[in-house]
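Trainee: Sending over a structure as structure tokens; questions will come in a sec.
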Amino acid sequence: MNKITINTSKVEEAIDITYKVQEIVRDSGVRSGFCIVFTLHTTCGLTITENADPDVKRDLLLGLGKISPDRTEYRHFEGNSPAHIKSSLLGVSLLVLIEDNRLVLGRWQGIYFVEFDGPRAGREVVVKVVAT
Amino acid sequence: MNKITINTSKVEEAIDITYKVQEIVRDSGVRSGFCIVFTLHTTCGLTITENADPDVKRDLLLGLGKISPDRTEYRHFEGNSPAHIKSSLLGVSLLVLIEDNRLVLGRWQGIYFVEFDGPRAGREVVVKVVAT
Amino acid sequence: MNKITINTSKVEEAIDITYKVQEIVRDSGVRSGFCIVFTLHTTCGLTITENADPDVKRDLLLGLGKISPDRTEYRHFEGNSPAHIKSSLLGVSLLVLIEDNRLVLGRWQGIYFVEFDGPRAGREVVVKVVAT
């Protein structure tokens with residue numbers, strides 16, 4: 001089990017971690033299998049989305065902010081219920097296949113860690129590579 | 001493959017099943033691997049969210065109700081399209097890593113079964129533990 | 001690793017691919033395990049939802065359209081940010097258990113490929129069957 005540590009610098013941001021996951025896959029030497037990517041927190045998430053135009057991740061954060069805005073009815077004392085809900089909407093784990101020691105991703109797909117309640121130091125993402 | 005059976009008592013509720021999944025992992029004797037958690041229905045879901053303040057799950061249900069409200073345009077004869085959509089938004093499966101015969105979860109993370117169309121008797125969650 | 005190729009004919013549609021995945025599982029000969037289903041694009045998704053009343057998938061598309069509508073604030077030059085966001089909400093992968101060489105699905109569950117930015121030729125879904 002490998003760990004990626006991320007320090008976020010904004011309230012919300014989507015950070016491309018594809019190359020870090022690919023590095024772990026490469027170092028594992030696994031030719032064929034899959035990898036599990038999992039983040040250990042409840043106010044961030046993981047998603048696979050377009051890696052080309054940076055406006056896609058900007059629009060994703062903007063859109064999720066409209067989908068899960070702050071609401072006066074929320075009671076959670078930390079005031080970050082919108083972030084918890086966004087985390088549940090994206091999910092905290094991803095599964096990516098491996099062939100020829102490389103992640104099987106479409107041409108435009110990147111793996112993103114998405115912060116919804118930053119900035120935070122020491123966000124952790126664990127990665128397990130499984131050979132099949 | 002193990003099964004957890006859940007009887008829900010409200011229209012909507014989020015039920016912590018972490019200890020039940022951990023029990024299955026413990027009984028499996030698997031030291032290192034992962035487990036797959038999957039629910040066999042289309043109007044409930046599974047999510048990992050905060051296990052400390054109970055207001056987090058209350059706010060989650062409230063927020064999802066705003067995100068996927070009932071709409072006059074819906075045609076599904078059972079009238080529970082908002083529940084089907086919430087199920088698709090959360091998803092019906094989870095993946096959690098195992099190390100030292102324990103679920104690898106962050107300090108605040110719990111595994112929740114989320115009912116969107118209850119109360120129902122006999123909701124089923126299957127759990128498979130895989131050694132690696 | 002097997003591939004399902006899908007040609008979509010509408011801007012948005014949900015296509016049942018359960019029998020195609022089941023066919024791959026059958027041909028694999030795997031009695032017990034799980035399969036990973038993954039789509040290689042960023043404006044479509046995968047979900048498990050009701051396979052009986054076709055109005056459920058109609059309502060799903062309608063509901064997601066309300067949840068992630070087009071917004072004047074979006075900047076992505078292709079104009080399909082709502083589709084990217086829907087893709088992130090559903091996710092691009094699924095995990096289904098296998099027992100007795102069959103997918104472990106509830107009575108009403110089907111596996112759906114969901115197009116959000118069609119029509120498109122050659123949408124790809126990769127399927128990996130893993131024995132345990």
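The values are calculated or read from the model by the stated rules, or taken from the named source; none is laboratory data. Predicted model, so just to flag it, every value in this text is computed and none were measured. Note that each Cβ is placed from the backbone with ideal geometry, even for glycine, and that neighbours are counted across all protein chains shown. Remember, those area values only see protein heavy atoms, side chains included, never the ligands or the DNA or RNA. Shrake-Rupley method; radii C 1.70, N 1.55, O 1.52, S 1.80 Å.
Trainee: Tell me, what ³J(HN,Hα) does each residue in segment A:19-36 have, in order and in whole Hz, if you take phi through Karplus 6.51 cos²θ - 1.76 cosθ + 1.60 with θ = phi - 60° and put x for Gly and Pro?
Mentor: Working through the residues one at a time gives 5, 5, 5, 4, 4, 5, 4, 4, 5, 6, x, 6, 7, 9, x, 7, 10, 9 Hz.
Trainee: Per residue of C:31-40, count partner chain C-beta atoms within 10 Å of its C-beta, then hand back the mean as an integer. Present the calculation step by step, with values, prior to reporting the outcome.
Mentor: On the way: counts 0, 2, 3, 7, 0, 7, 1, 10, 3, 8.
Average per residue, whole number: 4.
Trainee: Between C:Arg107 and C:Ala52, what length in nm is gained on full extension when 0.36 nm per residue of separation is reduced by their alpha carbon distance?
Mentor: Details: separation 55, 0.36 × 55 = 19.80 nm, distance 0.95 nm.
Stretched out fully, the C:Arg107 to C:Ala52 stretch lengthens by 18.9 nm.
Trainee: What's the magnitude of the charge dipole for the protein assembly as shown around its Cα centre, counting Lys and Arg as +1 and Asp and Glu as -1 at the beta-carbon? Answer in Debye, nearest 20.
Mentor: 620 debye
Trainee: Which three semi-axes in whole Å describe the equivalent ellipsoid of the protein assembly as shown, each the square root of 5 times a Cα gyration tensor eigenvalue, listed largest first?
Mentor: Working: eigenvalues 138, 116, 116 Å².
Over the Cα atoms of the protein assembly as shown, the semi-axes work out to 26, 24, 24 Å.
Trainee: Still on this structure: Tell me which of C:Gly65, C:Val21, C:Phe116 sits at the most positive position along the dipole axis of chain C, charges placed on C-beta atoms (Lys, Arg +1; Asp, Glu -1).
Mentor: Working it through, the farthest residue towards the positive pole turns out to be C:Val21.
Trainee: Which chymotrypsin sites (Phe, Trp or Tyr not before Pro) from segment B:2-65 combine a DSSP loop assignment with at most 15 other Cβ atoms within 10 Å?
Mentor: On the way: sites: B:Tyr19, B:Phe34, B:Phe38; in loops: none.
Sites meeting the loop and neighbour criteria: none at all.
Trainee: What does the charge dipole of chain C about its Cα centre add up to, to the nearest 20 debye, if the Cβ of each Lys and Arg holds +1 and the Cβ of each Asp and Glu holds -1? Walk me through the numbers before you get to the answer.
Mentor: Numbers: 16 positive and 17 negative charges, 50 e Å.
So the dipole magnitude of chain C works out to roughly 240 debye.
Trainee: Cross-link candidates for A:Lys86: which lysines have Cα within less than 19 Å, leaving aside residues fewer than 8 places away along the same chain?
Mentor: Straight-distance partners of A:Lys86: A:Lys10, A:Lys57, A:Lys66, B:Lys57, B:Lys66, B:Lys86, C:Lys66, C:Lys86.
Trainee: Let me ask something else. Using each residue's phi in segment B:80-86, evaluate 6.51 cos²θ - 1.76 cosθ + 1.60 at θ = phi - 60° and report the 3J(HN,Hα) Karplus result to the nearest Hz, with x for Gly and Pro.
Mentor: Result, ordered by residue: 10, 4, x, 5, 4, 5, 4 Hz.
Trainee: Leaving out ligands, DNA and RNA, calculate the buried accessible area for the pair C and B with a 1.4 Å probe, summed over both sides, in Å² to the nearest 100. Could the numbers behind the result be given before it?
Mentor: Numbers: alone 7580 and 7600 Å², together 12670 Å².
Summing both chains' loss of accessible area gives about 2500 Å².
Trainee: Considering the options C:Ser81, C:Val96, C:Ser9, tell which one lies farthest towards the positive end of the dipole of segment C:2-131, charges being +1 on Lys and Arg and -1 on Asp and Glu at the Cβ, about the Cα centre.
Mentor: Going by the charge dipole, the pick is C:Val96.
Trainee: Within segment C:1-76, report the GluC sites (Glu not before Pro) that DSSP leaves as loop and that have at most 13 other Cβ atoms within 10 Å. Walk me through the numbers on the way to the answer.
Mentor: Numbers: sites: C:Glu12, C:Glu13, C:Glu23, C:Glu50, C:Glu73; in loops: C:Glu12, C:Glu73.
Passing sites in segment C:1-76 are C:Glu73.
Trainee: 7 Å along Cα→Cβ for the label point: how many nanometres lie between B:Glu73 and each equivalent label in the other copies, listed shortest first?
Mentor: List, nearest first: 2.1, 2.1 nm.
Trainee: Now for a separate question. Can you list, shortest first and in nm, the gaps between the label point of B:Asn101 and those of its counterparts in the other copies, using a point 7 Å from Cα in the C-beta direction?
Mentor: 3.6, 3.6
Trainee: Convert 10 °C to kelvin, take the viscosity as 1.306 mPa s, use the Kirkwood radius over C-alpha pairs of segment A:27-72 as Rh, and evaluate the Stokes-Einstein diffusion coefficient in µm²/s, rounded to a whole number.
Mentor: Details: Rh = 13.9 Å.
After rounding, the answer is 114 µm²/s.
Trainee: If you don't mind, there's one more thing I want to ask. Looking at segment C:72-114, which chymotrypsin sites (Phe, Trp or Tyr not before Pro) are DSSP coil and have at most 14 other C-beta atoms within 10 Å of their C-beta? Before the final figure, lay out the partial values.
Mentor: Numbers: sites: C:Tyr74, C:Phe77, C:Trp108, C:Tyr112, C:Phe113; in loops: C:Tyr74, C:Phe77, C:Trp108.
Within segment C:72-114, the qualifying chymotrypsin sites (Phe, Trp or Tyr not before Pro) (loop, at most 14 other Cβ atoms within 10 Å) are C:Phe77.
Trainee: If the elastic network links every pair of Cα atoms under 10 Å, which of C:Lys20, C:Lys86, C:Lys66 fluctuates the most in the Gaussian network model of chain C?
Mentor: C:Lys66
Trainee: Run through the other copies and list how far each one's label point is from that of C:Asp53, in nm with one decimal, shortest first; the point sits 7 Å from Cα along Cα-Cβ.
Mentor: Distances to the matching label points in the other copies: 3.8, 3.8 nm.
Trainee: Roughly how many percent of the accessible protein surface of the protein assembly as shown is carbon and sulfur, given a 1.4 Å probe and a whole-percent answer?
Mentor: Values: 7050 of 15370 Å².
Carbon and sulfur atoms account for 46 percent of the accessible area of the protein assembly as shown.
Trainee: Now a separate question. Send over the per residue convex hull volume for segment C:2-131, Cα only, as a whole number of Å³. Write out the running numbers ahead of the final one.
Mentor: On the way: hull volume 12.5 nm³, N = 130.
Normalising the Cα hull of segment C:2-131 by residue number yields 96 Å³.
Trainee: Given a 1.4 angstrom probe, what's the average accessible area per residue across segment C:1-58, in square angstrom?
Mentor: Working: 2410 Å² over 58 residues.
Here the residues of segment C:1-58 average 42 Å² of exposed surface.
Trainee: Here's something else I'd like to know. Per DSSP helix of 4 or more residues, -39500 (n - 2.57); summed, then divided by the residues of the protein assembly as shown. What does that give at 222 nm, rounded to the nearest 500?
Mentor: Numbers: 9 runs with 102 residues, N = 396.
Value at 222 nm, helices only: -8000 deg cm²/dmol.
Trainee: Measure out, as a whole number of angstrom, how far apart the alpha-carbon centroids of segment B:9-62 and segment A:46-112 sit.
Mentor: The two parts, judged by their Cα centres, are 20 Å apart.
Trainee: Can you work out the Karplus-derived ³J(HN,Hα) for every residue in segment B:90-103? Use 6.51 cos²θ - 1.76 cosθ + 1.60 with θ = phi - 60°, whole Hz, and x for glycine or proline.
Mentor: Going residue by residue, I get 7, x, 10, 9, 9, 10, 10, 6, 10, 9, 6, 6, 10, 4 Hz, with x marking Gly and Pro.
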